[in-house]
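Student: Sharing a structure below in structure tokens format, with a few things to ask.
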Amino acid sequence: MSTVWMNQLSWMDYQSRIKNTAPPIFLPVGALEQHGPHLPLGTDGLLSASVAADAAALVGGLVAPTLSYGYKSQPKCGGGQHFCGTTSVDAATLIGSVRDAVREFARHGATKLVVLNGHYENQWFLIEGIDLGLRDVGAGSQLEVMRLEYWDFMTAETLAHVFPDGFPGFALEHAAVMETSMMLHYHPSLVRLDLIPNEGPADFPPYDIYPSRTDWVPPSGVLSSALGSDANKGRLLANEVSQRIAEAISKGFRTPTLIKNSQ
């Protein structure tokens, strides 16, 4: 069966792919978090899985089911925990989930695991989960793990095209042009362009206060304007990111991976 989705395979088909082609296994990680009035709560997981599927198609990989609950939303990059629908986990929970996944994929005989993050706040806890999982499987395991955030594969040239008036930075791009455009490319039926708020970028001080100051965050939860989003920008970003991730996978692991085709 030809598919990039691991959960569409039987266990025997999956085992055959692992043994015969040693595919990179992609583990998308997202969050259930508000993304303004115009994007769905699952945006981070939807985008990480979609990017993973595009990259997997290029390198003969498989995409595991997404880890859809992420670390707690922070005001300066996700709006914070006070929004209805934002459903987060403690650091230990996320670390444990990633640790278990690393251990299980090693048990399957996988040699290449790509943890593809789509939620800004997850980063350090993914690192800890990977570290502990590799410690569990020991030095004799053949598994290598690559961790990445898909937005790091966007070039300055492309960002200048997408943001002709200046790029506000990835933290403030929460539910803004980048994510909205990519959702218009991958999941257009889930985007409500008519509900995009007309708000300027959030203005945060250079420190944090706990409990978090909810009045720092725009009421919509959008940290920078999403006006100007379109599917063409999303396609440009998605194609560049998936191609450059495939290139990183092709040379980043000990065993080279061939890029099967190009977009």
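Each reported figure results from applying straightforward, stated rules to the coordinates on display, with no laboratory input. Nothing here was measured: the structure is a model prediction, and the numbers come from that model. When we count neighbours, we look across all protein chains shown, and the Cβ atoms used for this are built from the backbone with ideal geometry, even at glycine.
Student: For residue 19, give me every one of the lysines with a C-alpha distance below 23 angstrom, ignoring sequence neighbours fewer than eight places off in its own chain.
Tutor: Hits, sequence-local ones excluded: 112, 251, 260.
Student: Can you compute the FRET efficiency between residue 216 and residue 84 using 1/(1 + (r/R0)^6), with r the Cβ-Cβ distance and R0 = 30 Å? Round to the nearest 0.05. Intermediate results must be reported in sequence, preceding the final value.
Tutor: On the way: r = 18 Å, r/R0 = 0.60.
Result of the calculation: an efficiency of 0.95.
Student: Here's a follow-up. Gap in Å between the Cα centre of region 5-61 and the Cα centre of region 159-210?
Tutor: Here the answer is 23 Å between Cα centres.
Student: Helix-only estimate, please: 222 nm mean residue ellipticity of the chain, summing -39500 (n - 2.57) across DSSP H runs of length 4 or more and dividing by its residues, to the nearest 500.
Tutor: Working: 8 runs with 104 residues, N = 263.
That comes out to -12500 deg cm²/dmol.
Student: Separate question: Select from region 130-228 those chymotrypsin sites (Phe, Trp or Tyr not before Pro) which occupy a DSSP coil region and have at most 14 other Cβ atoms within 10 Å, ordered by residue number.
Tutor: Sites meeting the loop and neighbour criteria: 207.
Student: With no solvent and one point per C-alpha, what does the Debye sum give as log10 I(q)/I(0) for region 76-146 at q = 0.13 Å⁻¹?
Tutor: Those come out to -0.42, one per q.
Student: At 7 Å along Cα-to-Cβ for each site, give me the label-to-label distance between residue 100 and residue 157 in nm.
Tutor: According to this spin-label approximation, the distance is 4.5 nm.
Student: Where in the chain are the helices, taken as whole DSSP H runs, whose Cα atoms extend 20 angstrom or more along the long axis and whose Kyte-Doolittle mean reaches at least -0.5?
Tutor: Qualifying helices, which must be both long enough and hydrophobic enough, are 43-59, 91-108, 123-137, 231-252.
Student: 5 Å is the cut-off here: which amide hydrogens, built 1.01 Å from N in the peptide plane, fall below it relative to residue 223, excluding neighbours closer than 5 in sequence?
Tutor: For residue 223, whose amide H was placed from the backbone, the distant partners under 5 Å are 174.
Student: Return the sequence-ordered ³J(HN,Hα) values of region 204-213 in whole Hz as given by the Karplus equation 6.51 cos²θ - 1.76 cosθ + 1.60 applied to θ = phi - 60°, using x for Gly and Pro.
Tutor: 9, x, x, 7, 10, 10, 10, x, 4, 7
Student: Karplus couplings for region 138-146 from phi (6.51 cos²θ - 1.76 cosθ + 1.60, θ = phi - 60°), rounded to Hz, Gly and Pro as x?
Tutor: x, 5, x, 6, 8, 6, 10, 10, 10
Student: I'd like the Karplus ³J(HN,Hα) series for region 161-168: coefficients 6.51, -1.76, 1.60, θ = phi - 60°, whole numbers in Hz, and an x wherever there's a Gly or Pro.
Tutor: Couplings: 6, 6, 10, x, 9, x, 8, x Hz.
Student: Now for a separate question. Pull out the extension gain between residue 171 and residue 250, defined as 0.36 nm times the separation in residues minus the alpha carbon to alpha carbon distance; nm, one decimal. Write out the running numbers ahead of the final one.
Tutor: Values: separation 79, 0.36 × 79 = 28.44 nm, distance 2.86 nm.
That works out to 25.6 nm of additional length.
Student: Also, quick follow-up: In whole Å, what are the extents of region 6-252 along the principal axes defined by its C-alpha atoms, from largest to smallest?
Tutor: Its Cα atoms span 52, 40, 30 Å along the three principal axes.
Student: Scan around residue 26 for amide H atoms under 5 Å from its own, H built in the peptide plane at 1.01 Å from N, and keep only partners 5 or more places away or cross-chain.
Tutor: For residue 26, the qualifying residues are 62, 63, 64, 114.
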